[in-house]
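Down below is the structure, laid out as structure tokens.
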Number of protein chains: 4
Amino acid sequence: MALTTKTAGFPKRKCGVLGCTGSVGQRFSLLLAQHPHFELVAVGASDRSKGKTYREAVNWKQTTSMPLKIGELLVTECKPEHFKDCDIVFSGLDSSVAGDVETEFYLADIPVFSNAKNHRQAPGIPLVVPTVNLSHLDLIPAHRQPGKREKGFIVCNSNCAVIGIVIPLAAIQAKCGVVKQINVFTLQAISGAGYPGVPSSDIIDNVIPYISGEEEKMQPEARKILGGVDVRAKEFLERVDLEVAAKCIRVPVQDGHMAVVQMRFGDRKNVPSVEAVKSALSDYVSEAQILACPSAPEKAITLMAERDRPQPRLDRDADRGYSVSVGQVEKESGALFDMRFTALSHNTIIGAAGSSILNAEAAVIKGFV
Amino acid sequence: MALTTKTAGFPKRKCGVLGCTGSVGQRFSLLLAQHPHFELVAVGASDRSKGKTYREAVNWKQTTSMPLKIGELLVTECKPEHFKDCDIVFSGLDSSVAGDVETEFYLADIPVFSNAKNHRQAPGIPLVVPTVNLSHLDLIPAHRQPGKREKGFIVCNSNCAVIGIVIPLAAIQAKCGVVKQINVFTLQAISGAGYPGVPSSDIIDNVIPYISGEEEKMQPEARKILGGVDVRAKEFLERVDLEVAAKCIRVPVQDGHMAVVQMRFGDRKNVPSVEAVKSALSDYVSEAQILACPSAPEKAITLMAERDRPQPRLDRDADRGYSVSVGQVEKESGALFDMRFTALSHNTIIGAAGSSILNAEAAVIKGFV
Amino acid sequence: MALTTKTAGFPKRKCGVLGCTGSVGQRFSLLLAQHPHFELVAVGASDRSKGKTYREAVNWKQTTSMPLKIGELLVTECKPEHFKDCDIVFSGLDSSVAGDVETEFYLADIPVFSNAKNHRQAPGIPLVVPTVNLSHLDLIPAHRQPGKREKGFIVCNSNCAVIGIVIPLAAIQAKCGVVKQINVFTLQAISGAGYPGVPSSDIIDNVIPYISGEEEKMQPEARKILGGVDVRAKEFLERVDLEVAAKCIRVPVQDGHMAVVQMRFGDRKNVPSVEAVKSALSDYVSEAQILACPSAPEKAITLMAERDRPQPRLDRDADRGYSVSVGQVEKESGALFDMRFTALSHNTIIGAAGSSILNAEAAVIKGFV
Amino acid sequence: MALTTKTAGFPKRKCGVLGCTGSVGQRFSLLLAQHPHFELVAVGASDRSKGKTYREAVNWKQTTSMPLKIGELLVTECKPEHFKDCDIVFSGLDSSVAGDVETEFYLADIPVFSNAKNHRQAPGIPLVVPTVNLSHLDLIPAHRQPGKREKGFIVCNSNCAVIGIVIPLAAIQAKCGVVKQINVFTLQAISGAGYPGVPSSDIIDNVIPYISGEEEKMQPEARKILGGVDVRAKEFLERVDLEVAAKCIRVPVQDGHMAVVQMRFGDRKNVPSVEAVKSALSDYVSEAQILACPSAPEKAITLMAERDRPQPRLDRDADRGYSVSVGQVEKESGALFDMRFTALSHNTIIGAAGSSILNAEAAVIKGFV
């Protein structure tokens, strides 16, 4: 857990959090308060909270008590003038306001790492899963529109449910060939719906086979994240050949999204063995690890051998929530798919706030911040 | 709820329950105690309970209090001599003993309706879902081996998770053409594991992506149930062309199995419309209804229009747990499947004890008991 | 369950429901749709729902599907002019608006049976638990202020958590002497908080030792309900000598409030035996039963012998939710209390909507409606 | 969380765990694997596990993955000869065997720190809550029976539900005077029942107002723990004047026991103010902290100001599970008690394994090991 030692030379950066009272904002604040090199200096929220201390403004729902030093920060409105001291701003804003606010910060030349969905599909804006496609950050200079901005940009992290697909797929495709079609079933935690989110009477002793807007995000996000980047042409090269069908279900689990993923390889005559896929998963080393990002997990993927794992309660905290647990790698019984696996990711850490923090660490190391 | 009126002419039959203290056995006992025409007269369990009253022997876990009249029954061992007065015996025995005990009753010329898996794939034994394939009961005379037995036979009900697949499929195939491949994802209630079953620390705030032996049962049971019967040749004609791939997950739900089913039709050039499939589901009338079985649901399938239904807690009790709720009938986004739906069935009623009781009612009407 | 037969002579009454879309309003509507003598003819809600059918306006969350006949009712505003045809109006309104709206109906001479807390402590208004103090209805004529109103009145049912205290206490005091001090711990279901109510992330894998405003209601409501009525003086005689201390806790249970009640009798030298208290509970017959109210339970109190009962999931539906289950009647180990018991009541039936319906039935029989 | 730095001079000790595969045994093993000064070198279990590696023998259910180094330990039988290298042995044995096995180790001159209940009330054996009565360890020399044993002894930790009572009470009595009567209501987590423990169908959407043998332990354990020690007379001086009445309820919470405690002071004419009690709780410093035990929490009691806290999910991990969270310190409304508070403790850390480890650390510092 001691993040400091291995990253002694990492520079200090001052940070702000937009939407600091919401559930993602709370997670951002907690992770930053515990961060060895990022310092939380500014917190923004809606009018209602303006002028209060963070301790007064927030209904703190984390299982770790609020670090003293952030409790005393004064909450401001989410305006760039209140965040001038920040090298980096993290956005946990609700999508109803995130689009405009984040653009305002970008125009004010402040780097924004956002968990909101608004800009994920915007042409020049990187959509980055830190243990998959940090190379997409290379479009930041172009995205700044040289001459217009020197520091500002927006980088989005992905939808929390996409994580369990793209990280294992990146590992598998790197060693075992292209996957063309995937069929995904997700069992998603209630924290994915924010706070107050899902009413308890809807989900205790129940599951809900519907999450508004969720299934539609899977294919476009996966295509962008798993695609390449053409730095010369300043554009992303999406994996338009990749077909993703998804069914998303809400379950009574606090944290941790599960995804059962069935795969059909591009070259069905040379389908890799289960052992080869397991090795690909187990051996995977992401760029976040190579760059020695302070928050990077030791292993981006934790391969599990037990036949009934991964499970949300037991595995969501693997490597502080930054590692995706993958198990049940098996040949498919039917003819339509070649293989399947089950993935489990902490939806508010690697699936949300932690992802943006890792992205920011990489951006610092790469010199973009 | 008043089952009596519509079935005034139905004959009385005396019944016994094997494995009466287990969770399926309790459900059998409760349903029989409330039954207008079946009378529970004998209850059997293991040595440990022998000689006690049912009230003393059982750790009653039903949400309806134990009917007075069955509490006074004396529990016997599961030997045919104690069940001589019974016209019908229902078996809620554990599969570790069900095979031999049921065979003993069959040899003793006593009809057995079983929830156990042991004889489901036996060549001459009907595997019957009452709202799908009551016609399979027609093999009973052959199964008795004329000259050897006059009354005895074994009829099995299906695995509780197969229900959500075969009932909707029977309806769809009857009107919309053959389905060749299905991909199933189940979310199964804890009551499916019996009692004590799943430890609470394994499932609260969690889901478990593994149920021992469950996925393997789907294809063979579906092939037998959805197949025909050749009365002359005295054999079942299985749907060997039907491919069923399944992934089964345990969720923290008391009762009610959910199944998300993706379908690929045999004739992919003439795939029916979503509306046609909805009509097929909504209009479906099973033989159990036509025969006016006392416990038959008004509708074998309850078609739901809301986009977030069916759900276990809200829909498991549809038509006293004898109707399967089906919703989310949608075109598939990917190319591998044509359509999908979500089904919800009460796993201990239509998925277990209730299924056998309906089978027995049909057998009475058809003259086999 | 067949309520009709035993109450053949009961007159028909037309009913309306105020706040029909909320969770208590839904329960009122469902119980009335199933009622043999009350007919639901008018439903009122806020502006937002005005002009829609009930089916369109409501997000139906009951485990019984919506009866067809009520789905077509048109939702109106909660104004007396829309409820002129109603003999009785049931109020499931939120307390933020219930006070004024109910008064308006009262002034318009329409009888109101309310679940809201607003008028519970009003001097002339009966606060009635139907299996405890139906005699309080005798103040209705005075409450009407003769000359001013001929039909209108307001009758309140109690807080859902008070039920588990006052029904057993009424039975015990009737036979075993006065109880002077009680110490109550409640474990309350989430449905008590309405919808959306308690956020799931607050209560899954958790309990919350605080329910706003709940503990303070216990003593005043118990004192009024358990007190007498002076019809001449036209006032209630509260049990001001009764001390009630309470601690209320929210637990992850859908329906069913549990109360552990420690009692200290007035005459500590002649404390009744545990057996005497059990008999008092078991033998208790309430006025609702004597009057043969159609919805009255067979037993107002279901005495349980098992040492681990009552329990919410297993016992909340006793006698359609109209009976209170009481168990664990034991001598107290400490010196401060004499005895304790555990009670379990369905908080949205006998603890809310069902209580008002029983009150209305009694009012009809007594000639007040 | 870094336990090492502050306790640099603490000596190394070799440790063993008895009952290593059970849930308490797993917690012991995990805490020891993470311990800066205790080294886990031997693990014992029943015959069934003998000869397997710990990784093979255990069904690991901790939310932290099994540390590599302990997975390779060979499991032995629980016989002293296999634990000769151990300076300390921790017992997570089931009470059905713990009594005899622990005595055998004691006779073999091996110090045992036990979580089992068997020896808790034995005359010479210390029953120690490390943040309350470490002084009881001073009876160890007498307990060894000089001349008979040089190293061996047994020290018990308390029942997991007693913790939430005695730690706050120790703090309050130290500053605010003697408490004579307490009335306790506990809501206990499922992990308190071990594994498999409570069946899920018994507790999902439910609470169970009965825990076998639990309520009876409260008074005798509290009297011993809160009592003194007469080193000359070599006996414990129990608080026989303390009356403890308790009601214990099982709730669907994974970890964390809640206790609502009502207090009646000895001197009711000089009852302390709520503020004085809060200060006593907040300022409390236990001997474990003064001794600088490596695992000691920064604060033995975490006083909470929010009116709806403590809560199990949010507060059980306070100070790595070694601190008890106390809130809702309030004057009682009734006349029988003076004040009440709500406590929350992690039942498998400070309430079980962690307690024994802290006890062992103190014993090392005090020179008994």
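Can you tell me which residue is least open to solvent (accessible area, probe 1.4 Å) among those in segment D:32-46 that are in a loop (DSSP other than H, G, I, E, B) and within 28 Å of residue D:190 (Cα to Cα)? Here the answer is D:35. With respect to the conditions (1) open to solvent by 30 Å² or more (accessible area, probe 1.4 Å); (2) among the hydrophobic types (A, V, I, L, M, F, W, C); (3) within 10 Å of another protein chain (Cβ to nearest Cβ), residue B:174 lacks only one, and its number is (3). Summed over segment C:25-59, the residues that are β-branched (Val, Ile, Thr) and under 18 Å from residue C:361 (Cα atoms) give a count of 1.
Applying the selection to segment D:224-265, what residues are free of Cβ contacts under 8 Å to residues at least 12 places away in the same chain and within 28 Å of residue C:261 (Cα to Cα)? Of everything in segment D:224-265, nothing turns out to be free of Cβ contacts under 8 Å to residues at least 12 places away in the same chain and within 28 Å of residue C:261 (Cα to Cα).
Among the residues of segment B:276-305, just one is charged (D, E, K, R), over 30 Å from residue B:11 (Cβ atoms) and out of contact with any strand residue (DSSP E or B) (no Cβ under 7 Å at 6 or more places or on another chain), namely B:283. Flag set for residue C:65, criterion: touching an Asp or Glu at 6+ places or on another chain (Cβ under 9 Å) and of a type in the set (Gly, Ala, Ser). Determine whether segment A:64-77 contains at least one residue that is farther than 30 Å from residue D:321 by Cβ, among the charged types (D, E, K, R) and in a loop (DSSP other than H, G, I, E, B). No, the conditions are met nowhere in segment A:64-77.
If only residues of segment A:188-201 that are facing another protein chain (nearest Cβ under 7 Å) and under 17 Å from the mean Cα position of the chain (by Cα) are counted, the one that is least open to solvent (accessible area, probe 1.4 Å) is A:190. Among the residues examined, residue B:127 does not qualify as among the aliphatic types (A, V, I, L, M) and over 30 Å from residue B:271 (Cβ atoms). For segment A:214-235, a residue qualifies if it is at pLDDT below 95 and among the small types (Gly, Ala, Ser), and exactly one does: A:233.
Of the set (1) part of a loop (DSSP other than H, G, I, E, B); (2) buried (at least 24 other Cβ atoms within 10 Å of the Cβ), all apply to residue C:89 but (1). Could you tell me which residue of segment C:281-326 is farthest from the other protein chains (Cβ to nearest Cβ), considering only residues that are closer than 21 Å to residue C:253 by Cα and β-branched (Val, Ile, Thr)? In this case the residue turns out to be C:324.
Okay, residues lined up against (1) more than 14 Å from every other protein chain (Cβ to nearest Cβ); (2) over 26 Å from residue B:254 (Cβ atoms):
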{"residue": "B:15", "(1), (2)": "yes, yes"}
{"residue": "B:30", "(1), (2)": "no, no"}
{"residue": "B:36", "(1), (2)": "no, yes"}
{"residue": "B:108", "(1), (2)": "yes, yes"}
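Checking the structure you have, find out if any residue of segment D:150-163 is out of contact with any strand residue (DSSP E or B) (no Cβ under 6 Å at 6 or more places or on another chain), assigned to a loop (DSSP other than H, G, I, E, B), at pLDDT below 95 and among the small types (Gly, Ala, Ser). No: zero hits.
In segment D:251-276, the qualifying residues are those that are among the charged types (D, E, K, R) and farther than 30 Å from residue D:61 by Cβ, and the one that is most open to solvent (accessible area, probe 1.4 Å) is D:269.
Confirm whether residue B:29 is surrounded by 23 or more Cβ atoms within 10 Å (Cβ to Cβ) and over 30 Å from residue B:148 (Cα atoms). Criteria met by residue B:29. Checking D:68, D:127 one by one, the residue that is closer than 25 Å to residue D:26 by Cβ and at pLDDT below 95 is D:68 and no other.
For segment D:62-73, the count of residues that are in contact with a helix residue (DSSP H, G or I) (Cβ under 6 Å, 6 or more places away or on another chain) and free of Cβ contacts under 8 Å to residues at least 12 places away in the same chain is at least one.
For segment A:266-277, which residues satisfy the criterion of being without any contact (Cβ under 8 Å) to a residue 40 or more places away in the chain and in a loop (DSSP other than H, G, I, E, B)? Break it down into steps so the answer makes sense when it comes.
First, the residues of segment A:266-277 that are without any contact (Cβ under 8 Å) to a residue 40 or more places away in the chain: A:269, A:273, A:275.
Passing the criteria: only A:273.
When the criteria are applied in full, residue A:74 fails the requirement of being among the aliphatic types (A, V, I, L, M) and within 14 Å of chain D (Cβ to nearest Cβ). Is it the case that some residue within segment D:219-227 is at the interface with chain C (Cβ under 10 Å from one of its Cβ atoms) and in a helix (DSSP H, G or I)? Yes, because at least one residue in segment D:219-227 is at the interface with chain C (Cβ under 10 Å from one of its Cβ atoms) and in a helix (DSSP H, G or I). Considering segment A:278-369, there are no qualifying helices (runs of 4 or more DSSP H) wholly inside with 3 or more residues that are crowded, with 20+ Cβ neighbours inside 10 Å, touching a Pro at 6+ places or on another chain (Cβ under 8 Å) and free of Cβ contacts under 8 Å to residues at least 12 places away in the same chain.
Scanning segment A:1-23 for residues that are modelled with pLDDT of 95 or more and either in a helix (DSSP H, G or I) or farther than 30 Å from residue D:64 by Cα (or both) gives A:11, A:12, A:13, A:14, A:15, A:16, A:18, A:19.
Checking B:165, B:125, B:140 one by one, the residue that is buried (at least 21 other Cβ atoms within 10 Å of the Cβ), without any contact (Cβ under 8 Å) to a residue 40 or more places away in the chain and of a type outside the set (D, E, K, R) is B:125 and no other. Kindly indicate whether residue C:235 is within 9 Å of chain D (Cβ to nearest Cβ) and open to solvent by 10 Å² or more (accessible area, probe 1.4 Å). Judged against the criteria, residue C:235 is not a match.
Among the residues of segment B:246-278, how many are at the interface with chain A (Cβ under 10 Å from one of its Cβ atoms) and out of contact with any helix residue (DSSP H, G or I) (no Cβ under 8 Å at 6 or more places or on another chain)? Residues in segment B:246-278 being at the interface with chain A (Cβ under 10 Å from one of its Cβ atoms) and out of contact with any helix residue (DSSP H, G or I) (no Cβ under 8 Å at 6 or more places or on another chain): 4 in total. For segment C:47-59, the set of residues classified as at negative phi and surrounded by fewer than 17 Cβ atoms within 10 Å (Cβ to Cβ) consists of C:47, C:48, C:50, C:52, C:53, C:55, C:56, C:59, listed by residue number. For segment D:202-218, the tally of residues that are assigned to a helix (DSSP H, G or I), touching a residue at least 12 places away in the same chain (Cβ under 8 Å) and either farther than 24 Å from residue B:204 by Cβ or at the interface with another protein chain (Cβ under 9 Å from one of its Cβ atoms) (or both) stands at 4. A search for C-beta distances below 6 Å between a residue of segment D:184-201 that is assigned to a loop (DSSP other than H, G, I, E, B) and any residue that is among the hydroxyl-bearing types (Ser, Thr, Tyr) and surrounded by fewer than 24 Cβ atoms within 10 Å (Cβ to Cβ), counting only pairs 6+ apart in sequence or on different chains, returns D:194/D:23; D:195/D:23.
The values are calculated or read from the model by the stated rules, or taken from the named source; none is laboratory data. Every value quoted in this text rests on a predicted model; they were computed, and no experiment measured them. Every residue, glycine among them, receives a Cβ derived from its backbone with ideal geometry; neighbour counts consider all protein chains shown. Protein only, heavy atoms only, side chains kept; ligands, DNA and RNA dropped before computing areas. Shrake-Rupley method; radii C 1.70, N 1.55, O 1.52, S 1.80 Å.
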